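Read through the structure below, which is laid out as structure tokens, and then see the notes.
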Amino acid sequence: MLLSLLLGGMAILGSILIFRQGLLPLIEAAFHPGPEWLSATRRAGILLTAVTGYWAFVHWHEKRAATELHLRPLHLLLGGAGGAAMVAAPMAVLFALGVYERVLFRSLSPALLGVAVLIGIAALLEELVYRCLLFRVLERSWGTKVALVVQAVAFALPHVENVAQGGISDVVTMLISVTLLGLLWAGIFVVTRNLWVVAAHHAAWNFTILLAGIPLSGIEDWRKLAPLESRLAGPDWLTGGMFGPESSLLVIASTTVVVVLLLREARRRGAFVVPMP
């Protein structure tokens, strides 16, 4: 198990490193692209090399077809719609209750497209590492139940940095909320066994929060680009405080319900893997 995790991590991160440090400078020297084209090439290259590295790991080390990389356009669209709806519904309730208040509406900024691409790439890379690699390898050795918990906690811990300026309550609430999100996206992976569906759900979830002008996982950088300028007007346990709606009790509750339903459906389908003897 540890060897598989090490090799998989090296395949993904090594592929990105080779592209960033080797191929990208060659492209820049040969074609002299402008800043925008170079940025687009960098983003596309990171995405493609990461997926290719994972595919090579599955093909050569696990000696199987990487079925989780099969593109299913309809399922991908449903995953994106589900991610947007899941977080938009409780946020709409919070706006209706006055917990979030709209300050003004801006016209759509062209810069939003670049942000959407960044969010999509980040979501895909996280799902590739945490669900396709970490969860799946753990699941093979320890079974689905243990793997669900371990990968969810591993997914939550790096987010502590996003609330480093907050108090202990901010950190604890964030760990609970992001662990639940790790269970959510792993649950979707268990049901679909498809990278793109989970990544679409993850990316749409994040982008919907951004569009509402609310902090995204404690990140304030892109709020000024959102079509809505919003402010937090309620208590932290409802607004989510500095981390944003993901730490709102309403979002935590709704996510918990979906996680329970997802895992029940996965069990009904016989999608749970038992530990290796």
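Given N residues in the stretch 1-117, what is Rg(Cα) / (2.2 N^0.38 Å)?
Relative to the rule-of-thumb radius for its length, the stretch 1-117 sits at 1.50.
Find the centroid of the Cα atoms in the stretch 192-225 and in the stretch 147-187, then give the distance between the two in whole Å.
Here the answer is 16 Å between Cα centres.
I need MET10, MET91 ordered by Cβ neighbour count within 10 Å, fewest first. Show your work: numbers first, answer last.
Numbers: MET10 13, MET91 24.
Listed from fewest to most nearby Cβ atoms, that is MET10, MET91.
Counting other C-beta atoms within 10 Å, which of VAL115, VAL260, VAL149 has the fewest, and how do the rest follow?
Ordered from fewest to most neighbouring Cβ atoms within 10 Å, VAL115, VAL260, VAL149 come out as VAL260, VAL149, VAL115.
What is the Rg over Rh value, at two decimals, for the stretch 101-151, using alpha-carbon atoms and the Kirkwood definition of Rh?
Rg/Rh for the stretch 101-151 comes to 1.32.
So for VAL197, VAL117, fewest C-beta neighbours within 10 Å to most, what's the order?
VAL117, VAL197
Going by a ≥ b ≥ c, the root eigenvalues of the Cα gyration tensor, does the stretch 1-65 fall in the rounded group (a/c under 1.5), the prolate group (a/b larger than b/c) or the oblate group?
prolate
How would you rank 15-23, 103-111, highest first, on the average number of other Cβ atoms within 10 Å across their residues? Show your work: numbers first, answer last.
Details: 15-23: 15.1, 103-111: 10.2.
Packing order, densest peptide first, comes out as 15-23, 103-111.
A short reminder: the numbers here are calculations on the coordinates, not readings from a lab. This structure is a prediction, so every number in the text was calculated from the model and none was measured. Here Cβ is always computed from backbone atoms with ideal geometry, including for glycine, and neighbour counts include all displayed protein chains.
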